[in-house]
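Q: Below is a structure I'd like to ask you about.
The values are calculated or read from the model by the stated rules, or taken from the named source; none is laboratory data. Keep in mind it's a predicted model, so treat the numbers as computed, not measured. Counting neighbours? That spans all protein chains shown, and the Cβs are built from the backbone with ideal geometry, glycine included. These area figures cover heavy atoms from the full protein model, side chains too; ligands, DNA and RNA do not enter into them. Shrake-Rupley method; radii C 1.70, N 1.55, O 1.52, S 1.80 Å.
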Amino acid sequence: MMDILTYLLQLVLALALAPLVPGIINRVKAKFAGRHGKPVLQLYYDIAKLVRKGEVISDTATWVFTAGPIITMVTAVLALALLPLGGVASPFGFNGDFILCAYLLGMGRFATVLAALDTGSPFEGMGASREALFGAIGEPVLFLSFLALVSTAMSMGIPSTEVSISSLFCGFSPLAWATGRPEIMLLVLAMGVLLLVENCRIPVDDPNTHLELTMIHEVMVLDHSGPSLAFILYGAALKLWIFSALLAGLVLPAMSVWA
């Protein structure tokens, strides 16, 4: 019972602190560029402002346009709830839950692409096409990374009935590092590249640009405004938190989840 309460507390903290991560990244980038940069809490200000604003919706758009941002945010929340937090296994986890986590992230991408296509804008259609291409490249890598972790975990003695995200990312990893499993280092590199691809980071994409040739993720949400745009921004922050947590679970694993 105490572990469940501890996990729920950390889940609430993760949901509350997720918008802080992009703020820290932007401030660090600004400092390296010799600029002062935006406030660290800028995303909180933006979300609060957008929630209070009205929303402009095209006459040609349907319910898909408004449902897309909500689905994207909800799937990110559900995927986050499957991850171990602070060395505590998720009470919502189960054997094979990594498949559900990957499909939840894929569903969020699919909803964003449909919302972009629903506007009828050729510019957003171009962005949706690019997003689908990157999804077709990135999602198999995510699945293969999970399967490689499963194979390594089972070869190290973890029963097949206990293979979940909690056991994969915070359970056997200390043992794998200690015994010198080379695939763990390769998976760290793969997860690092996935983090850049899935969260529109340089060199794959630049979230701060509006150049037509470099915009992938941002071009799909140009017609969104008000609360819908707030949902998109918050969902993107949660997605960044998820992939950062997965990467951190490999590099700095906690040893208390699986014994």
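Q: How much of the accessible area of the stretch 1-152, in percent, comes from carbon and sulfur atoms when a 1.4 Å probe is used?
A: Carbon and sulfur together cover 74 percent of it.
Q: Using helices alone, what [θ] at 222 nm do you get for the chain, with -39,500 (n - 2.57) per DSSP H run of 4 or more residues, divided over all residues and rounded to the nearest 500?
A: Theoretical 222 nm ellipticity from helices: -22000 deg cm²/dmol.
Q: If you don't mind, another one. Can you compute 3J(HN,Hα) from phi for each residue in the stretch 68-83, using the Karplus curve 6.51 cos²θ - 1.76 cosθ + 1.60 with θ = phi - 60°, rounded to whole Hz and x for Gly and Pro?
A: Result, rounded to whole Hz: x, x, 5, 4, 4, 5, 5, 5, 5, 5, 5, 5, 5, 5, 8, 7.
Q: Same structure again: From the mean inverse distance of alpha carbon pairs (Kirkwood) and the Cα radius of gyration, derive Rg over Rh for the stretch 55-181.
A: Computed over Cα atoms, the ratio is 1.11.
Q: OK, next. What is the count of Lys pairs in the chain whose alpha carbons sit under 22 Å apart, if the two are 8 or more places apart or on different chains?
A: 6
Q: If Asp223, Asp3 are ordered by their accessible area, calculated over protein heavy atoms with a 1.4 Å probe, which sequence runs from highest to lowest?
A: Ranked list, largest accessible area first: Asp3, Asp223.
Q: So, with +1 on the Cβ of K and R and -1 on the Cβ of D and E, and no other charges, what is the size of the charge dipole of the chain about its Cα centre, to the nearest 20 debye?
A: So the dipole magnitude of the chain works out to roughly 800 debye.
Q: Okay, next question. To check my understanding: the extent here is largest minus smallest coordinate of the Cα atoms along each principal axis. What are those three numbers for the stretch 6-52, in Å, largest first?
A: Principal extents (Cα only, largest first): 40, 28, 9 Å.
Q: For the chain, report the accessible area per residue in Å² (1.4 Å probe, heavy atoms, rounded to an integer).
A: Per-residue value: 49 Å².
Q: Sticking with this structure for a sec: Restricting everything to alpha-carbon atoms, can you work out Rg to Rh for the stretch 45-123 with a Kirkwood hydrodynamic radius?
A: Result for the stretch 45-123 is an Rg/Rh of 1.10.
Q: Please turn the phi angles of the stretch 216-233 into ³J(HN,Hα) values with the Karplus equation 6.51 cos²θ - 1.76 cosθ + 1.60 (θ = phi - 60°), one per residue in order, whole Hz, x for glycine and proline.
A: Result, rounded to whole Hz: 10, 6, 5, 5, 6, 10, 5, 8, 7, 8, x, x, 4, 5, 4, 4, 5, 5.
Q: Enumerate the calculated ³J(HN,Hα) couplings along the stretch 190-198 in order (Karplus 6.51 cos²θ - 1.76 cosθ + 1.60, θ = phi - 60°), each rounded to whole Hz, writing x wherever the residue is Gly or Pro.
A: Going residue by residue, I get 5, 5, x, 5, 4, 4, 5, 5, 6 Hz, with x marking Gly and Pro.
Q: With no solvent and one equal point scatterer placed on each C-alpha of the chain, evaluate the Debye formula and give log10 I(q)/I(0) for q = 0.17 Å⁻¹, two decimals.
A: Each listed q maps to, in turn, -1.35.
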